[in-house]
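Here the structure is laid out as structure tokens; the discussion comes afterwards.
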Amino acid sequence: MAGNDLGGLLGGVLEMIMKSGLVEKGQLDSWVGTGDNQALSPERVKQAVPDETLDKVASEAGVSRDEAAAQVARELPQVVDKLTPEGQVPSSGSLEDLIKQQKL
């Protein structure tokens, strides 16, 4: 899978998770902030992301839907954390756009 494809998928997944309301503001703030990242559960990923999107992520990664949800839950907080090293979202764009631009 090409890096930009994964960045685009993760950016889209983050947007879906944020819009779902299943991630609390404090949880997302912990990913952006400089402290410890609060965990995201695979179950929340499955609730927030439509089946067809999760199937696409799973297919691109060559894993099952459950493993794809687990990988997103594990990696998304880390990706957000790395893209916001100063504890703030850069003013040049949204967090989703920053992730989509990354070669992951």
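Since every read-out is calculated from the coordinates, none of them should be taken as a lab result. What you are looking at is a predicted structure, and each value in this text was computed from that prediction instead of being measured. So basically every Cβ, Gly included, is an ideal-geometry build from the backbone, and we count neighbours across all protein chains shown.
By the scheme Lys and Arg +1, Asp and Glu -1, what is the net charge of all other residues having a beta-carbon under 12 Å from that of Val49?
Details: positive: Lys19, Arg44, Lys46, Lys56, Arg65; negative: Glu15, Glu43, Asp51, Glu52, Asp55.
Counting the neighbours of Val49, the net charge comes to 0.
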Net charge near Gly35, counting Lys/Arg +1 and Asp/Glu -1 over other residues with Cβ under 12 Å of its Cβ?
-3
Have a look at Gly11, Leu83, Ala48 and report the one farthest towards the positive end of the charge dipole of the stretch 3-86, computed about the Cα centre with Cβ charges (Lys/Arg +1, Asp/Glu -1).
Ala48
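What does the net charge come to around Gln71 if you take all other residues with beta carbon closer than 12 Å to its beta carbon, with K and R at +1 and D and E at -1? Walk me through the numbers before you get to the answer.
On the way: positive: Arg65, Arg74; negative: Glu60, Asp66, Glu67, Glu75.
So the surrounding residues net to -2.
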Under a straight-distance cross-link criterion of Cα-Cα below 20 Å, which aspartates and glutamates are reachable from Lys82, leaving out those fewer than 8 residues away in the same chain?
Asp5, Glu15, Glu24, Asp29, Asp36, Glu96, Asp97
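Normalise the Cα radius of gyration of the stretch 34-76 by 2.2 N^0.38 Å (N = residues in it) and let me know the number.
On the way: Rg = 10.7 Å, N = 43, 2.2 N^0.38 = 9.2 Å.
Taking the Cα Rg and dividing by 2.2 N^0.38 Å, one obtains 1.17.
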